[in-house]
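Okay, structure first, notes after.
Bear in mind these aren't lab numbers, they're just calculated from the coordinates by the rules spelled out. As the structure is a computational prediction, the values presented were derived from the model and not from experiment. Virtual Cβ from ideal backbone geometry, glycine too; neighbours counted across all protein chains shown.
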């Protein structure tokens with residue numbers, strides 16, 4: 001039996017992000033930040049699983065202009 005505290009693994013190729021990075025992608029896509037999945041056409045760019053947020057780093061970089069794992073510019 002799986003533990004109810006087992007980590008939720010992101011889909012292959014996706015990386016975990018902060019709510020601020022999720023919001024940045026939502027702003028570009030003009031979508032609801034409470035969505036469980038962020039898509040553009042047939043491409044899945046973001047996924048919410050429980051309280052975890054994951055994005056496709058290549059799609060994020062193309063739309064937002066920087067990698068999601070890059071430090072914010074000051």
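Roughly speaking, what is the stretch gain from residue 36 to residue 58, that is 0.36 nm per residue apart minus the C-alpha to C-alpha distance, in nm to one decimal? Kindly include the intermediate steps, with their values, before the conclusion.
Numbers: separation 22, 0.36 × 22 = 7.92 nm, distance 1.92 nm.
Stretched out fully, the residue 36 to residue 58 stretch lengthens by 6.0 nm.
If I fit a long axis through the Cα atoms of helix 19-29 and take the longest principal axis of the Cα atoms of the chain, what angle between them do I get, 0 to 90°, rounded to 10?
Once rounded, one gets 50 degrees.
Of the peptides 11-18, 60-67, how do they stack up when ordered by the mean number of other Cβ atoms within 10 Å, highest first?
Numbers: 11-18: 13.9, 60-67: 15.6.
By packing density, highest mean first, the sequence is 60-67, 11-18.
Give the average over all directions of the projected area of the C-alpha convex hull of the chain, one decimal, in nm².
Details: hull surface 23.1 nm².
For the chain, averaging the hull's shadow over all directions gives 5.8 nm².
For every helix of n ≥ 4 consecutive DSSP H residues, a contribution of -39,500 (n - 2.57) applies; sum these over the chain, divide by its total residues, and give [θ] at 222 nm rounded to the nearest 500 deg cm²/dmol. Show your work: numbers first, answer last.
Details: 2 runs with 19 residues, N = 74.
Only helices count here, giving -7500 deg cm²/dmol.
On a full-extension model of 0.36 nm per residue, what is the gain between residue 67 and residue 51, subtracting their alpha-carbon distance, rounded to one decimal in nm? If you can, show how the numbers build up before the last one.
Details: separation 16, 0.36 × 16 = 5.76 nm, distance 2.14 nm.
This chain segment gains 3.6 nm when fully extended.
Compare the peptides 35-45, 21-31 by average per-residue count of other Cβ atoms within 10 angstrom and give them in order, highest first. Mind dumping the intermediate values first?
Working: 35-45: 13.7, 21-31: 16.6.
The packing order, highest mean first, is 21-31, 35-45.
Relative contact order for the chain: what is it in percent, counting Cα pairs under 8 Å that are at least 6 residues apart? Intermediate results must be reported in sequence, preceding the final value.
Numbers: 83 pairs, mean separation 22.1, N = 74.
Once divided by the residue count of the chain, the mean separation gives 30 percent.
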